[in-house]
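Visitor: My structure is below; once you've seen it, I'll send some questions.
The values are calculated or read from the model by the stated rules, or taken from the named source; none is laboratory data. Computed from a predicted structure; not experimentally measured. SASA here: full protein model, heavy atoms, side chains in, ligands and nucleic acids out. Shrake-Rupley method; radii C 1.70, N 1.55, O 1.52, S 1.80 Å.
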Amino acid sequence: WYFASRMRNREFISKIASFLRSQNHSAVYDWSKLDSLKPYHKNSDKSSLVANEISNALIDIDIFVLISDESGTDMFIELGIVIGRWLQDKKTKIYIVGKFNNRSLMHFHPAIKRLDKLSDVFSLECPEILNKDSAAILTSLD
């Protein structure tokens, strides 16, 4: 799993990554643990390292979830990398979740499923881990 989102959702992403680990799933790169690198030009070495780590992590994922937002940049670059990966093997599952799941042309790429709620993704991908605990976590961003 990889979750792309705005940095302001980092606590939510961290909870999701922890929940997945508790259910024997994994998030390939938990960027929510990173300190802010802004301004990027003043942290260019670390920014370059993280950009490379994320790009490499995106090559080997099964499920990509973008938590939609009315703005943002990096999550769309991550989406582009994953679409490129999907074009190679048609296996990576790509979801865009939330009320802004239709704000970009690329959100309508045939590889992408647009859903209203994150719990919808879990219902499709791993319904066996849905329970009261997961419901509290998954709906905390809705």
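Visitor: Under 1.5 on a/c is rounded, so check that first for region 62-142, then, if it is not, pick prolate when a/b is larger than b/c and oblate when it is not; a ≥ b ≥ c are the square roots of the alpha carbon gyration tensor eigenvalues. Write out the running numbers ahead of the final one.
Guide: Working: a/c = 2.33, a/b = 1.38, b/c = 1.69.
It comes out oblate by the Cα gyration axes.
Visitor: With the cut-off at 1.5 for a/c, could you classify region 33-108 from its C-alpha gyration tensor as rounded, prolate or oblate? Numbers along the way, then the final one.
Guide: Details: a/c = 2.36, a/b = 1.36, b/c = 1.74.
Here region 33-108 falls in the oblate category.
Visitor: In Å², what does the accessible area per residue of the chain work out to with a 1.4 Å probe?
Guide: Values: 8060 Å² over 142 residues.
Averaged over the residues of the chain, the accessible area is 57 Å².
Visitor: Now, a different point. Cα-based Rg of the chain per 2.2 N^0.38 Å, rounded to two decimals? Provide the component values of the computation, followed by the final result.
Guide: Numbers: Rg = 14.7 Å, N = 142, 2.2 N^0.38 = 14.5 Å.
My calculation over the Cα atoms of the chain gives 1.01.
Visitor: With no solvent and one point per C-alpha, what does the Debye sum give as log10 I(q)/I(0) for region 1-73 at q = 0.19, 0.27 Å⁻¹?
Guide: -0.85, -1.39
Visitor: Oh, and also: I'd like the Karplus ³J(HN,Hα) series for region 9-21: coefficients 6.51, -1.76, 1.60, θ = phi - 60°, whole numbers in Hz, and an x wherever there's a Gly or Pro.
Guide: Each residue's phi maps through the Karplus curve to give 9, 4, 5, 4, 4, 4, 5, 5, 4, 5, 4, 4, 4 Hz.
Visitor: Can you compute the helix-only [θ] at 222 nm over the chain? Use -39500 (n - 2.57) per DSSP H run of at least 4 residues, normalise by all residues, nearest 500 deg cm²/dmol.
Guide: -13000 deg cm²/dmol
Visitor: Further, regarding this structure: How large a share of the accessible area of the chain, in percent, is made up of carbon and sulfur atoms when the probe is 1.4 Å and the other protein chains stay in place?
Guide: On the way: 4080 of 8060 Å².
Taking all protein chains in place, the chain shows 51 percent carbon and sulfur surface.
Visitor: Pop out the ³J(HN,Hα) list for region 109-114 in order, Karplus 6.51 cos²θ - 1.76 cosθ + 1.60 with θ = phi - 60°, rounded to Hz; leave Gly and Pro as x.
Guide: 4, x, 6, 9, 9, 9
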